[in-house]
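Participant: Pasting in a structure now, in structure tokens, and then I'll have a few things to ask.
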Amino acid sequence: MLKERMERVKSLLVERLTDGMDFVELGQIKEKGIAPLLTQWLTAQAKASLEREQKRRTDSGLSYDHPRVKVILERLDDVLLDVTMFPKTQIEQVVEEQIRWETMLRIRPVEAMVQFFLPKEGTLSVAELVEAFPKLPVQAFYEAGVKAYAAEHAEEVMDRETLVGVLQGIEDKELATDAVELVINAATTTLEFLKQRHAEDGDEIDLDIIEHILNYYRMRDQARVIKVEQMLGRERLTLGQVRRILEMTGHLDEAGETETEPWSLEAGEEIGRFGENEGEETLGDEHEGDAREDEEEADEESEEAESHSPGVEESSEAAAPVGSRVEEEEEVFDVVERPEGVLEKRGDEKEERYFIRKLFAKDREIYEMLMAQLEEVSVWEEAHRTIRKFWEDHGIDAGSKAAERFTSAIYAWYSDSP
């Protein structure tokens with residue numbers, strides 16, 4: 001969806017800049033007053049051409065030093081800038097690059113800023129960093145943080161690693177202050193850029209944009225909730241709805257538990273890479289597997305005092321379905337029917353809270369939705385298929401302790417005698 005939005009913005013901007021013509025003058029583009037960064041880039045291209053022309057004059061055998069000639073040439077140069085022609089194909093290419101860069105600047109800002117300030121290996125003084133920041137359409141806290149850093153490190157010269165550390169430190173401070181507002185502002189500015197107009201709380205935004213932003217800022221639980229919304233068939237929510245979801249879904253994960261995704265748009269692969277070389281690491285590399293297992297182990301140790309699901313007997317018969325894995329496509333079950341009245345044995349409130357937190361991204365509605373489906377099923381084989389499909393749809397490890405514990409609790413509905 002994000003890619004389609006970017007394509008629509010590209011078509012809109014190209015049409016507005018060229019009016020359908022195959023060639024367009026720089027002066028005509030300036031008069032429209034749209035896409036200022038793009039206009040700056042085209043102006044720089046025209047000035048480079050003009051400088052080559054001025055050098056040609058200097059190297060020629062003619063004299064351009066006469067006062068009358070100088071006056072004429074100054075006027076001529078102004079006219080030459082305005083009438084510099086750009087073909088539509090070049091405009092399209094520049095617009096596409098600009099949209100990709102500006103979108104990334106809002107969704108994965110540090111990566112984009114590093115590309116802007118240090119496109120190749122090199123260094124950058126703190127003074128140069130402060131001077132360049134006003135050119136970027138980023139949230140104000142980045143510029144404020146850089147100025148605060150410059151006040152203490154005015155003479156410092158930064159390489160890429162130092163620059164990334166400074167910018168991420170500024171992000172972390174803002175995340176600790178008001179993470180929800182940070183994400184909403186990032187989403188709002190992204191939407192405003194893609195729609196090319198002011199955005200309100202009632203405006204809808206694509207959920208994949210929100211998911212990108214949440215993953216980038218390491219808000220794993222919130223990103224998981226958005227993923228569930230997508231699994232349920234929703235493609236977009238209003239900014240106000242997103243704000244309420246974020247406010248209701250807990251606190252930030254610890255910084256070490258990152259679950260960011262690489263910048264995955266095909267056209268954005270090159271700009272999304274932190275390093276220039278093919279083998280270099282990207283800021284979006286995922287290392288979540290070990291962290292997730294560690295988290296589960298820690299939670300399980302802290303909750304060992306909690307009892308297992310009521311009605312689940314520790315017998316080999318009850319344990320059999322727990323050991324089964326989602327990966328096995330064909331499984332053979334004895335027909336085990338659910339006794340009448342067993343639906344009242346859904347477990348205590350503590351058990352439900354455990355499942356909702358560990359398996360349902362803290363969303364009770366999703367938990368209740370699955371339970372309602374299971375309550376309509378009278379045979380264990382069908383119930384197990386329902387559970388298995390839910391794990392697959394939501395990317396849940398069926399072999400995790402929480403998933404096995406949930407499966408055992410549901411199996412108890414069918415194994416208990418009336």
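Participant: Enumerate the pairs (first residue in the range 1-19 and touching a residue at least 40 places away in the same chain (Cβ under 8 Å); second residue anywhere and small (Gly, Ala, Ser) and buried (at least 19 other Cβ atoms within 10 Å of the Cβ)) with beta-carbon separation below 6 Å, excluding pairs fewer than 6 apart on the same chain, so at least 6 apart or on different chains.
Facilitator: Cβ pairs passing all conditions: Leu13/Ala35.
Participant: Something else about it: Can you pull out the residues in the range 374-405 that are closer than 19 Å to Arg353 by Cα and either assigned by TED's automatic domain parsing to the domain that holds Leu232 or not charged (D, E, K, R) (or both)?
Facilitator: Listed by number, the residues that qualify are Leu374, Ile387, Phe390, Trp391, His394, Ile396, Ala398, Ser400, Ala402, Ala403.
Participant: For the range 366-396, give me each residue that is without any contact (Cβ under 8 Å) to a residue 12 or more places away in the chain and in a loop (DSSP other than H, G, I, E, B). Steps first, answer last, please.
Facilitator: The first filter runs over the range 366-396 and keeps only residues without any contact (Cβ under 8 Å) to a residue 12 or more places away in the chain, leaving 368-369, 372, 376, 382, 385, 389.
Hit for the range 366-396 is Glu376, nothing else.
Participant: In the range 41-51, is there at least one residue being at pLDDT below 85 and part of a helix (DSSP H, G or I)? First the steps, then the outcome.
Facilitator: Initially, the range 41-51 is screened for residues at pLDDT below 85, giving 41.
So of that shortlist, the ones also part of a helix (DSSP H, G or I) come out as 41.
Yes, that holds for at least one residue.
Participant: What are the residues in the range 192-210 that are modelled with pLDDT of 90 or more and either aromatic (Phe, Trp, Tyr) or buried (at least 22 other Cβ atoms within 10 Å of the Cβ) (or both), if any?
Facilitator: Hits for the range 192-210 are Ile205, Ile209, Ile210.
Participant: Follow-up. For the range 120-131, does any single residue satisfy the condition of being of a type outside the set (A, V, I, L, M, F, W, C), touching a residue at least 40 places away in the same chain (Cβ under 8 Å) and in the same structural domain as Thr188 (by TED's automatic domain parsing)? Break it down into steps so the answer makes sense when it comes.
Facilitator: To start, the set of residues in the range 120-131 that are of a type outside the set (A, V, I, L, M, F, W, C) comprises 120-123, 125, 128, 131.
Of the ones still in play, those that are also touching a residue at least 40 places away in the same chain (Cβ under 8 Å) are 120-121.
So of that shortlist, the ones also in the same structural domain as Thr188 (by TED's automatic domain parsing) come out as 120-121.
Yes, some residue in the range 120-131 is of a type outside the set (A, V, I, L, M, F, W, C), touching a residue at least 40 places away in the same chain (Cβ under 8 Å) and in the same structural domain as Thr188 (by TED's automatic domain parsing).
Participant: Here is a further query. What are the residue pairs meeting all of these: first residue in the range 209-223, first residue in the same structural domain as Val242 (by TED's automatic domain parsing) and among the hydroxyl-bearing types (Ser, Thr, Tyr), second residue outside any helix (DSSP H, G or I) and buried (at least 24 other Cβ atoms within 10 Å of the Cβ), Cβ atoms under 6 Å, and 6 or more apart or on different chains?
Facilitator: From residues that are in the same structural domain as Val242 (by TED's automatic domain parsing) and among the hydroxyl-bearing types (Ser, Thr, Tyr), the pairs are Tyr216/Arg108.
Table: residues versus (1) touching a Pro at 6+ places or on another chain (Cβ under 8 Å); (2) modelled with pLDDT under 85; (3) surrounded by fewer than 19 Cβ atoms within 10 Å (Cβ to Cβ).
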{"residue": "Ser316", "(1), (2), (3)": "no, yes, yes"}
{"residue": "Arg338", "(1), (2), (3)": "no, yes, no"}
{"residue": "Lys350", "(1), (2), (3)": "no, yes, yes"}
{"residue": "Gln373", "(1), (2), (3)": "no, yes, yes"}
{"residue": "Ile387", "(1), (2), (3)": "no, no, no"}
{"residue": "Gly395", "(1), (2), (3)": "no, yes, yes"}
{"residue": "Glu404", "(1), (2), (3)": "no, no, yes"}
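The values are calculated or read from the model by the stated rules, or taken from the named source; none is laboratory data. Since the model is a prediction, treat every value here as computed from it, not as a measurement. Reconstructed Cβ throughout: ideal geometry from the backbone, glycine too, with neighbour counts over all protein chains shown.
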